[in-house]
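J.: My questions will all concern the structure given below.
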Amino acid sequence: QVQLVESGGGLVQPGGSLRLSCAASGRIFRINDMRWYRQAPENERELVASITSGGGANYANSVAGRFTISRDNARNTVYLQMNSLEPEDTAVYYCNADLEIRTMYGYTGTNHWGQGTQVTVSS
């Protein structure tokens, strides 16, 4: 069984910072792309940032220059450093990853989501 567990969410004032973490565990052979999504109330889930296994990163226009995605492959963990937070960043943040997992018959590719962590930006 594979799990993605996020942590680091909370309440922060506008202009503040938070660092989200997402740790993958289970019968993982390899982790390929990892991503952070967010979903605000009554909005669709949107892609915030993504990172390849080699460290190549991409960002949504709304967060570029304020957020930084990184990963520690040895720890199977992806991070999202969020600076200069704005009330519009308030959402549930979800981790997503493309994994290759071990099975009885070898390896198979799969996509997994974490359970989400709430980020609230408010004074």
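The values are calculated or read from the model by the stated rules, or taken from the named source; none is laboratory data. Just so it is clear, the model here is predicted, and its values are computed rather than measured. All Cβ positions, even for glycine, are placed from backbone atoms using ideal geometry, and neighbour counts span all protein chains on display. Areas reflect the complete protein model, heavy atoms only, side chains present, ligands, DNA and RNA absent. Shrake-Rupley method; radii C 1.70, N 1.55, O 1.52, S 1.80 Å.
J.: Of all the strands (runs of 3 or more DSSP E) wholly in the stretch 1-113, which have at least 2 residues that are open to solvent by less than 70 Å² (accessible area, probe 1.4 Å)?
T.: Where strands (runs of 3 or more DSSP E) fall fully within the stretch 1-113 and carry at least 2 residues being open to solvent by less than 70 Å² (accessible area, probe 1.4 Å), they are 3-7, 10-12, 18-25, 28-39, 46-51, 67-72, 77-82, 91-103, 106-113.
J.: When residues of the stretch 114-123 are filtered for being under 15 Å from the mean Cα position of the chain (by Cα) and surrounded by 14 or more Cβ atoms within 10 Å (Cβ to Cβ), how many remain? Quick ask: steps written out before the conclusion?
T.: Initial filter on the stretch 114-123 (under 15 Å from the mean Cα position of the chain (by Cα)): 114-119.
Narrowing further to those that are surrounded by 14 or more Cβ atoms within 10 Å (Cβ to Cβ): 114, 116-117, 119.
Number satisfying all stated conditions: 4.
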